[in-house]
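All remarks here apply to the structure that follows.
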Amino acid sequence: MGEQMKFAYADPPYLGMGKKMYGKLHPEAPMWDEVENQRNLIRQLIAEYPDGWAMSCNPKDLQFLLIDPNIRVCAWTKTFHQIRQTTIQYAWEAVLVYGGRIDGKRKPMVRDWISGVIAMRKGLQGAKPTYFNHWILDLLNVYEEDDLVDLFPGSLSMQEPCEMRGINYIARGQ
């Protein structure tokens with residue numbers, strides 16, 4: 001199996017959505033409406049989780065979030081999404097990945113994209129579906145007995161996939 005490793009997953013309020021979407025639930029949510037706080041989160045992830053981490057974000061924010069050349073951009077494409085009054089629809093989310101356990105012989109291989117439906121009725125807007133959380137664990141190549149720190153646990157949707165795989169799930173709210 002190899003040595004135990006410690007990974008993190010972050011799904012902060014996307015830029016401009018902290019106060020609007022989560023301000024009543026979490027008084028600190030508006031802080032995520034500042035670019036520098038989002039960038040500081042990336043710096044924190046790099047410093048505190050050198051084994052690897054993943055972070056969900058809005059594709060339009062990639063221009064200021066890609067502060068390290070070792071960050072890889074992956075894509076979650078949505079087969080069902082909100083229809084907005086704009087020409088180009090928002091039908092995907094970016095997932096930043098840094099590090100992770102290397103295994104060139106991993107079977108099955110893991111793609112840098114996944115496609116599927118959004119989570120519905122999870123009690124919190126932005127909650128991720130189960131298949132998405134399994135994909136995050138696969139992207140990082142998290143093994144049984146590794147630690148996964150969920151920095152924005154919200155709906156706790158990452159907890160079940162971790163427990164199913166014997167991964168130590170640690171919810172640590174921001």
message: Can you list residue pairs whose Cβ atoms sit under 8 Å apart, with the first residue in region 73-94 being on the phi > 0 side of the Ramachandran plot and without any contact (Cβ under 8 Å) to a residue 12 or more places away in the chain and the second being surrounded by 14 or more Cβ atoms within 10 Å (Cβ to Cβ) and in a strand (DSSP E or B)? Count only pairs 6 or more apart in sequence or on different chains.
response: none
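Output the residue which, of all residues in region 156-174 that are in a loop (DSSP other than H, G, I, E, B) and closer than 13 Å to Ala10 by Cα, is modelled with the lowest pLDDT.
Pass one, region 156-174, residues in a loop (DSSP other than H, G, I, E, B): 156-158, 166-167, 172-174.
Applying the additional criterion that residues be closer than 13 Å to Ala10 by Cα yields 156-158, 172-174.
Numbers: Leu156: 87, Ser157: 91, Met158: 96, Arg172: 91, Gly173: 68, Gln174: 50.
Ranking the candidates gives Gln174 first.
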statement: Condition set without any contact (Cβ under 8 Å) to a residue 60 or more places away in the chain and surrounded by 21 or more Cβ atoms within 10 Å (Cβ to Cβ), scope region 142-166, selection farthest from Val110 (Cα to Cα): answer is Ser157
message: Considering only residues that are in a loop (DSSP other than H, G, I, E, B) and at pLDDT 80 or above, which ones fall in region 1-32?
response: Glu3, Gln4, Met5, Asp11, Pro12, Pro13, Tyr14, Leu15, Gly16, Glu28
- request: Being of a type outside the set (Val, Ile, Thr) and within 13 Å of the chain's Cα centre (by Cα) is the filter; apply it to region 60-91 and report the residue that is surrounded by the most Cβ atoms within 10 Å (Cβ to Cβ).
  value: Trp76
task: Kindly indicate whether Leu139 is buried (at least 21 other Cβ atoms within 10 Å of the Cβ) and of a type outside the set (Phe, Trp, Tyr).
output: yes
- request: Can you tell me which residue within region 60-77, out of those that are farther than 22 Å from Ser157 by Cα and not hydrophobic (A, V, I, L, M, F, W, C), is modelled with the lowest pLDDT?
  value: Lys60
- prompt: Scanning for something outside any loop (DSSP other than H, G, I, E, B) and at pLDDT 95 or above, does region 115-125 turn up at least one residue?
  reply: yes
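The values are calculated or read from the model by the stated rules, or taken from the named source; none is laboratory data. For clarity, every value in this text was computed on a predicted model and none was experimentally measured. A quick note on method: Cβ atoms are made from the backbone with ideal geometry, for glycine too, and the neighbour counts reach across all protein chains shown.
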